[in-house]
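Taking it in order: structure first as structure tokens, then the write-up.
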Amino acid sequence: MRPARSARFLLATLGLWTGAAVAELAIVYDSGNTAPLAPYLQAFSELPAAAPVETQPGDSLGAADLTRLLPIRTPTLTPGPVSPRPLSLPNGATLPRPLFLIGADPQSRQWLEMHRERLAEIRAVGMLVNADSKADLEAIAAIARGLPILPASATDIAETLGLKHVPVLISRRGIEQ
């Protein structure tokens, strides 16, 4: 995978780019081929107004229905030990917010429970990278108690950072468990 794609994915994962607004711009990687974003955003402002959509009780929530994302798979990440090491991003960039990757496995659940307060203190954003069922989503949400956790595959992140195991915390301090 190209480093630029990984950097964009990391930015999206950390919530810096929501597709509609930029909270705080942080350049994680610049290949030298950067193009202005304004022309792309202008295309959205020129779209005609959408007709209101009437919904009925019981209608699917679409993308907001997290069960439609199941199962979540990151085959390259399995439960196991992670040796602490420095974080090395392209061009010496740093992460604007700490990121943690977990699965729905017992080791990840126990780690999340043990480290939840510290993760909240450092404002870490999580990714649930392996989950099979709605029960897995609910169990992680119950343990997280409000910590932001996005259910998504982390194959690109794992490849870019050379990760093999979860749970893992990725921060300016480095990669640790």
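The values are calculated or read from the model by the stated rules, or taken from the named source; none is laboratory data. For clarity, every value in this text was computed on a predicted model and none was experimentally measured. Every residue, glycine among them, receives a Cβ derived from its backbone with ideal geometry; neighbour counts consider all protein chains shown.
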Consider residue 92 carefully, then state whether it is over 12 Å from the mean Cα position of the chain (by Cα) and either surrounded by 21 or more Cβ atoms within 10 Å (Cβ to Cβ) or under 14 Å from residue 176 (Cα atoms) (or both). no
Checking residue 122 against (1) touching a Pro at 6+ places or on another chain (Cβ under 7 Å); (2) touching a residue at least 60 places away in the same chain (Cβ under 8 Å); (3) aliphatic (A, V, I, L, M), only one condition comes out false. Which one? (2)
Within the stretch 70-114, residues small (Gly, Ala, Ser), in contact (Cβ under 8 Å) with a residue 40 or more places away in the chain and in contact with a strand residue (DSSP E or B) (Cβ under 8 Å, 6 or more places away or on another chain) come out as 80, 103, 108
Is it true that residue 124 is in contact with a strand residue (DSSP E or B) (Cβ under 9 Å, 6 or more places away or on another chain), hydrophobic (A, V, I, L, M, F, W, C) and over 17 Å from residue 175 (Cα atoms)? no
Suppose we filter the stretch 95-117 for residues that are touching a Pro at 6+ places or on another chain (Cβ under 7 Å) and surrounded by fewer than 13 Cβ atoms within 10 Å (Cβ to Cβ); how many remain? 0
Which residue, of 147, 87, 66, is in contact with a Pro (Cβ under 8 Å, 6 or more places away or on another chain) and surrounded by 11 or more Cβ atoms within 10 Å (Cβ to Cβ)? 66
Has the stretch 46-68 got at least one residue that is at pLDDT below 95, touching a helix residue (DSSP H, G or I) at 6+ places or on another chain (Cβ under 9 Å) and on the phi > 0 side of the Ramachandran plot? yes
Can you find, within the stretch 161-173, the residue that is nearest to the chain's Cα centre (by Cα) among those that are surrounded by fewer than 19 Cβ atoms within 10 Å (Cβ to Cβ) and modelled with pLDDT under 95? 171
Which of the residues belonging to the stretch 101-160 are hydroxyl-bearing (Ser, Thr, Tyr) and more than 15 Å from residue 79 (Cβ to Cβ)? 133, 153, 155, 160
